[in-house]
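J.: Dumping the structure here so I can ask a few things about it.
The values are calculated or read from the model by the stated rules, or taken from the named source; none is laboratory data. Worth saying up front: this structure is predicted, and the values here are computed from it rather than measured. Cβ atoms come from the backbone with ideal geometry, glycine included; neighbour counts cover every protein chain shown. Side chains are part of the model used for accessible areas, which takes the heavy atoms of the whole protein and leaves out ligands, DNA and RNA. Shrake-Rupley method; radii C 1.70, N 1.55, O 1.52, S 1.80 Å.
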Amino acid sequence: MELNRNKITTILEKEGFIDEPIPKEINIVEEIKRLKKEKNAIILGHYYIEAELQDISDFVGDSLALAQEAARTKADIIVFVGVHFMAETAKIINPGKKVILPDLKAGCSLAESAPIEEFRKFKAKYPGHKVISYINCTADMKTETDIVCTSSNAVKIVESFPKDAKLIFGPDKNLGNYINSLTGRNMVLWDGACMVHEQYSVEKIATLMEEYPDAEVIAHPECEKPVLLLAKFIGSTAQLLNYVQKSEKDKFIVATESGILHQMKKACPKKTFIPAPSIDSTCGCNDCTYMKLNSMRKLYLCLKNEIPEVTLSDEVIEKARKPIERMLEIS
Ligand code: 13P
Ligand code: SF4
């Protein structure tokens, strides 16, 4: 899957679609708005993309809200400004619509951690188990899945199975461990992790906590356990955003990708948000390099040329749709 995407990107580069010069007189923001209207397109953006891309999106949300919005849109074209598995999910829900994304190389370390052949072998070792897959996985993995979940609804989805059900959870072991601890389950976990969330430094967060004793640590469940232990609140991006708005506190150390800070600052301009530092970073924040592949220039070109497009076989769409629909029914 990844190789194919890289190959397609190379072809597009050769054909001049990616380096296509944009005349200076063009106002990209206005052109995006015009093209969107002309083509009856909707721009869906995740909280981790750059602020200007969030601001031009018709809808910004977490993975669950974006899938729900993709399910209800009447637009002819969905422009997904996020990462590939999100655009794939939108395509699976809307096989008749054109789904495009600004950069085909915008992958996800979690999705890439579970190549389908290896996952099939893993699944075969646990006969009689149902598979719950975190939405951050490939369409191929979704075809091997009983029900999909996101970090917003994972507890609810897991609890929809009887207490003694045999369950496999993947690809995120950190989210899986966290859900096991909340639900008392013992799901078998695939050994994958998010390259952004596994990088937070407990030591550096602890130092920040000393520096700002009145700040609360909030974290995404993709973080490793030691970071989660420091957190006052754990939740999906949308849940973290909701928490800071409702909380009486006015200072937060935020252990998730720094793009979410844009919406937090917009919603609570008087509150302070400190990005949790990672082990290696010198900049004090953590960016998802995949999410940050999106840019205004690429968004404009993708809307103008209607490429790159997400394409999937009918067989994959049919098989992958069921576990997504089950999730949407329960959510
Ligand atoms: P949510 O926005 O669903 O919390 O997911 C975070 C994430 O890592 C998306 O890739
Ligand atoms: Fe994937 Fe992590 Fe980036 Fe989310 S932040 S898209 S889980 S690599």
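J.: Average the reciprocal distances over every distinct pair of alpha-carbons in the chain, invert the result, and give the Kirkwood radius in Å. Let's see the in-between values first.
T.: Numbers: mean 1/r = 0.0488 Å⁻¹.
One over the average 1/r among Cα pairs gives 20.5 Å for the chain.
J.: Could you work out the local net charge near Lys319, counting Lys and Arg as +1, Asp and Glu as -1, over the other residues with Cβ closer than 15 Å to its Cβ?
T.: Working: positive: Lys91, Arg120, Lys123, Lys142, Arg321, Lys322, Arg326; negative: Glu88, Asp140, Glu144, Asp146, Asp314, Glu315, Glu318, Glu325.
Local charge sum for Lys319: -1.
J.: Now a separate question. Expressed as a whole percentage, what fraction of the accessible surface of region 8-85 belongs to carbon and sulfur atoms when a 1.4 Å probe is rolled over the protein heavy atoms?
T.: Details: 1980 of 3820 Å².
Here carbon and sulfur together make up 52 percent of the probe-accessible area.
J.: Students often check this: by mean Cβ neighbours within 10 Å, which of 74-83, 215-224, 111-120, 173-182 ranks highest, and how do the rest follow?
T.: On the way: 74-83: 22.4, 215-224: 24.3, 111-120: 17.5, 173-182: 20.4.
Put in order of decreasing packing, that is 215-224, 74-83, 173-182, 111-120.
J.: At a Cα cut-off below 16 Å, give the lysines reachable from Lys270, other chains included and same-chain residues fewer than 8 away excluded.
T.: List returned: Lys246, Lys249, Lys251.
J.: Sorted by mean Cβ packing within 10 Å, highest first, what order do the peptides 184-196, 121-133 take?
T.: Result, highest mean first: 184-196, 121-133.
J.: At 1.4 Å probe radius, can you tell me the per residue accessible area of region 173-226 in Å²?
T.: Per residue, region 173-226 has 45 Å² of solvent-accessible surface.
J.: Let me ask something additional. Pairs of Cα atoms under 8 Å, at least six residues apart: use those to get the relative contact order of region 90-241, whole percent. Spell out each step's value before the answer.
T.: Working: 212 pairs, mean separation 28.4, N = 152.
Answer for region 90-241 is 19 percent.
J.: Once all Cα-Cα distances of region 119-212 are split into 5 Å bins that start at 0, what whole-number percent is in each one?
T.: Answer for region 119-212: a P(r) of 3, 13, 23, 22, 16, 9, 6, 5, 3, 1, 0 percent.
J.: Hey, another quick one. If you roll a 1.4 angstrom probe over the protein chains with everything in place, what fraction of the accessible area of region 163-301 belongs to carbon and sulfur, to the nearest %? Don't skip to the end; give the middle numbers.
T.: Working: 3230 of 6240 Å².
Its accessible area is 52 percent carbon and sulfur atoms.
J.: Mind checking which lysines have their Cα closer than 18 Å to the Cα of Lys105? Skip sequence neighbours fewer than 8 apart in that chain.
T.: Result set, ordered by chain and number: Lys7, Lys14, Lys91, Lys292, Lys298.
J.: A follow-up question, please. Kindly report the accessible area of region 27-143 per residue (heavy atoms of protein chains, probe 1.4 Å, no ligands, DNA or RNA), in Å².
T.: Values: 4200 Å² over 117 residues.
Averaged over the residues of region 27-143, the accessible area is 36 Å².
J.: What nm distance separates the two modelled labels at Ile28 and Asp55, each placed 7 Å from Cα along Cα→Cβ?
T.: Each label point lies 7 Å from its Cα, and together they span 1.3 nm.
J.: For the pair Asp250/Ile330, report the inter-label distance in nm, with labels modelled 7 Å from Cα in the Cβ direction.
T.: Taking the two extended label points, one gets 4.1 nm.
J.: Using θ = phi - 60° and the Karplus relation 6.51 cos²θ - 1.76 cosθ + 1.60, list the HN-Hα couplings for region 121-133 in order, rounded to whole Hz, with x at every Gly or Pro.
T.: Whole-Hz 3J(HN,Hα) from phi for region 121-133: 5, 4, 4, 5, 6, 10, x, x, 8, 8, 10, 10, 10.
J.: Using each residue's phi in region 233-246, evaluate 6.51 cos²θ - 1.76 cosθ + 1.60 at θ = phi - 60° and report the 3J(HN,Hα) Karplus result to the nearest Hz, with x for Gly and Pro.
T.: Values, residue by residue: 9, 10, x, 5, 4, 5, 5, 5, 4, 5, 4, 5, 6, 8 Hz.
J.: Just need the relative contact order of the chain here, percent rounded to a whole number, with Cα pairs under 8 Å and 6+ apart. Mind dumping the intermediate values first?
T.: Values: 619 pairs, mean separation 70.9, N = 331.
Dividing the mean separation by the residue count of the chain yields 21 percent.
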